[in-house]
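Student: One structure is given below, represented as structure tokens, and several questions about it will come after.
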Amino acid sequence: MKKVLFWIRTGLLLLLLIFAVLGGNFLYTGTESASPLNMLGEAIPLSEDSLLIQGFTPAHSRVTSIALALKAPDPLTPDSLTSGVPASMTADSGTLTVILSDHATGTPVYTGTVPLNGVPEGWYLDFPVNCRLDTNAQYDLCIFAEDYLANRNPSLFSVPQTAQIPEVTGCPAVTASSSAISEILREFPADTPDHLQEFSAGAAAIRLTYDVLVPARLAVFLAVLAAILLCAAAVVFSRKKSTEQTRDITLGKFLAIRIRRIPLIHILFFAAVTIAAVMIRISFFPFKSNDYYLCFESWISDMRSSGIWSALGQNIGDYPPLYVTPLTLLSVLPLEPVVIIKLMPCLFDFILALASVRLSGQLGVTALHKRLTLYAVILLNPLTILDSAAWGQCDSLYGSMVLLTLLAICTAKLWSTEPPAENQKRFWQTGDGICLLFAAAFSLKLQAIFFLPILCLLWITQKRNVLKPVHLLWVPIVYTISCIPMYLAGRSLKTMFKIYLGQADRNYGTLTLNYPNLYTLIGTWSETLYDSYFIYGLLLTFLLLIALFYQLYCRKVKLDSLTLCKVTALSILTVCFCLPLVHERYAYVAEMLLFVIMAKEAKHVKTALATMLCTLFTYCAYLMQLEQSFSVLPEQVIALVRLSVIFYLAGDIFRRRQKE
């Protein structure tokens, strides 16, 4: 009996939820067409012997209303004669009828009539259509008026053709393509040659209002349904069969119920973080950065206009083929270009989070709540969200591959003389597997080369001969394989090989690009010293890495999983601080690694937080187009904070060696 009542309560709750959501139309949001009523042109008088037929194609399927902009008649009065300004009056009588029909079949979809008495100037007439239309079909909107008194007919506003309204497919014209319109035409006198007036100057100032499905709301709705069903299943299929235990169950005991040996509270937390991460990214999709207007938008436009195969053979974009090829395939989706650009980065955000969680396990983070917290930090920190969902950059793509490379190195345990057991050995633990992952990262973005010094360090310090220089041949192999589809489509192989050379050879006229570092502290310099500083920066970066690795080798620092992550973060931060022409996003991998290290050692919370804030200030300065005077901190302070993080991280590595 109790189970029956339980399922009755659960079923009623589900039905109530579904009824409230669907009945209240909460999954949809109202949006207006791209032909706003404030884009008003001349007002053309309507008369009883005039007919307007406007062709349009809806942008969305659920059309809730159609609005028309009317202007009341302006008859001359004694006051207007003396002042020279006509007085506005309202229409005393008459009706306005709207008929919506399918252009191809002539089937009427909606008919509505509104009285015009008392219509003030600029009043908008809303016709509640509330119907579903085909977004690929064309529809005719027929407008005509009846029963006017003399000099009392209002005017219908029109919009110039230069307004470029997407919904409107043609200028207002009289066409007898609909059976309903044909019936209207029969009512006009046959002996009236000018009974049909065409508005050849523009389109009617109509506005369509749609109900558009909001994916985030749908995701929340489905998640709530799934949570209710999951809780119900957990109660029914739990192992606690005692009636006393079931009767006295508390919320804490309920959340401790295990599903496949995982407590329910962890599952709910994981689901909540994932849903929140998806919703936040969807909310940032409409944002368009300068990079989108400068290049991304034209890329998608060229891909769509050329077709997939033709676009692959053209020089579209200056990104590597492994990124441009899937982007070309995604361009055929019926989505906005700004959404297509952000699909891959947002998807790889989750791969990056999962790789970080797995990597933290190699560092000794075994508590499930700590690993799930790291999963939430990676997905919900502002750097990851802004980089992928707002900016549309591909740092999460190569960053996730670098973390997977580091994970493969940690599982191979190159610092140990004992190889993994044969039943635990995987391809990714071999030198080929490690370098194959690195080759994929390099083929996605040039900045993956910042990880190459770590591979060189491991060749020197490894206790087993796992990594060999010959394994780096995977880099040109993977890059060349990624070029094959574009080469077959007609793109020059030489052009694709020179993409990275073109990126590295750019002269921006400054030694730092929104990344406060050493050159921010040096200050301004003359153009004649640009080349000298550039060479100085390259040599300084190289010498500092050599000095770091030399100290690690001479002091016999054991490069276990934790130390290796710290050395990788330190190496990338040092490169970004001293290397010329560094963008604000180049330390992306190091910033993610600091979050992973933070999960193991709480003392590095301040390190990760300081680095994140420094980068966040530069992100916002670019994305929001803020002037330097609006920066929260001066660039010199940000550069000093980054330098302090480098010294603190280096000191922590060598202090740990002394304690051991």
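The values are calculated or read from the model by the stated rules, or taken from the named source; none is laboratory data. Keep in mind it's a predicted model, so treat the numbers as computed, not measured. Here the Cβ is made from the backbone with ideal geometry for all residues, glycine too, and neighbour counts use every protein chain on show. Ligands, DNA and RNA are stripped out before the accessible areas are found, and what is left, the full protein with its side chains, is counted by its heavy atoms. Shrake-Rupley method; radii C 1.70, N 1.55, O 1.52, S 1.80 Å.
Student: Residues to consider are 649, 616, 594; find the one that is outside any loop (DSSP other than H, G, I, E, B), at pLDDT 90 or above and open to solvent by 20 Å² or more (accessible area, probe 1.4 Å).
Tutor: 616
Student: Further, regarding this structure: Name, by its number, the condition in (1) of a type in the set (A, V, I, L, M, F, W, C); (2) open to solvent by less than 80 Å² (accessible area, probe 1.4 Å); (3) at pLDDT 85 or above; (4) assigned to a helix (DSSP H, G or I) that does not hold for residue 534.
Tutor: Result: residue 534 fails condition (3) only.
Student: Only residues that are acidic (Asp, Glu) and modelled with pLDDT under 70: list them for the stretch 101-130, please.
Tutor: Within the stretch 101-130, 121 is the sole residue that qualifies.
Student: Looking at 385, 434, 378 in this structure, which one is aliphatic (A, V, I, L, M) and under 24 Å from residue 553 (Cα atoms)?
Tutor: Every option except 434 fails the conditions.
Student: Just give me the residues in the stretch 315-329 being at pLDDT 90 or above and either closer than 17 Å to residue 400 by Cβ or surrounded by fewer than 22 Cβ atoms within 10 Å (Cβ to Cβ) (or both), in sequence order.
Tutor: Result: 319, 320, 322, 323, 325, 326, 327, 329.
Student: Having 1 or more residues that are under 16 Å from residue 471 (Cβ atoms) and either touching a residue at least 60 places away in the same chain (Cβ under 8 Å) or basic (Lys, Arg) (or both) is the bar; report the helices (runs of 4 or more DSSP H) wholly within the stretch 340-441 that clear it.
Tutor: Of the helices (runs of 4 or more DSSP H) lying wholly inside the stretch 340-441, those with at least 1 residues that are under 16 Å from residue 471 (Cβ atoms) and either touching a residue at least 60 places away in the same chain (Cβ under 8 Å) or basic (Lys, Arg) (or both) span 395-412.
Student: Give the residue that is surrounded by the most Cβ atoms within 10 Å (Cβ to Cβ), with candidates limited to residues of the stretch 619-645 that are among the small types (Gly, Ala, Ser) and at pLDDT 90 or above.
Tutor: 639
Student: Something else now. Run residue 336 past the list (1) more than 30 Å from residue 412 (Cα to Cα); (2) touching a helix residue (DSSP H, G or I) at 6+ places or on another chain (Cβ under 6 Å); (3) among the charged types (D, E, K, R) and report the number of the one that doesn't hold.
Tutor: Looking at each condition in turn, residue 336 falls short on (2).
Student: So, one more: Yes or no: residue 539 at pLDDT 80 or above and surrounded by 17 or more Cβ atoms within 10 Å (Cβ to Cβ)?
Tutor: Criteria not met by residue 539.
Student: Sticking with this structure for a sec: Could you tell me whether any residue of the stretch 361-383 is of a type in the set (Gly, Ala, Ser), out of contact with any Cys (no Cβ under 7 Å at 6 or more places or on another chain) and over 23 Å from residue 412 (Cα atoms)?
Tutor: Checking the stretch 361-383: at least one residue is of a type in the set (Gly, Ala, Ser), out of contact with any Cys (no Cβ under 7 Å at 6 or more places or on another chain) and over 23 Å from residue 412 (Cα atoms).
Student: Moving on to the next point. On the given criteria, is residue 300 open to solvent by less than 30 Å² (accessible area, probe 1.4 Å), in contact with a Ser or Thr (Cβ under 8 Å, 6 or more places away or on another chain) and at pLDDT below 90?
Tutor: For residue 300, the condition - open to solvent by less than 30 Å² (accessible area, probe 1.4 Å), in contact with a Ser or Thr (Cβ under 8 Å, 6 or more places away or on another chain) and at pLDDT below 90 - is not met.
This table checks each residue for (1) under 27 Å from the mean Cα position of the chain (by Cα); (2) open to solvent by 40 Å² or more (accessible area, probe 1.4 Å); (3) among the β-branched types (Val, Ile, Thr).
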site: 400; (1), (2), (3): yes, no, no
site: 408; (1), (2), (3): no, no, no
site: 411; (1), (2), (3): no, no, yes
site: 449; (1), (2), (3): yes, yes, yes
site: 462; (1), (2), (3): no, no, no
site: 466; (1), (2), (3): no, no, yes
site: 470; (1), (2), (3): no, yes, yes
site: 473; (1), (2), (3): no, yes, no
site: 505; (1), (2), (3): no, yes, no
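Student: Pick from 529, 564, 548, 521: which is farther than 30 Å from residue 318 by Cβ, at pLDDT below 90 and either part of a helix (DSSP H, G or I) or touching a Leu at 6+ places or on another chain (Cβ under 6 Å) (or both)?
Tutor: Answer to the check: 521.
Student: Being open to solvent by less than 90 Å² (accessible area, probe 1.4 Å) and under 16 Å from residue 371 (Cβ atoms) is the filter here, so list the residues in the stretch 256-270 that pass it.
Tutor: The answer is 262, 263, 265, 266, 267, 268, 269, 270.
Student: What do you reckon, is residue 385 over 14 Å from the mean Cα position of the chain (by Cα) and of a type in the set (Val, Ile, Thr)?
Tutor: no
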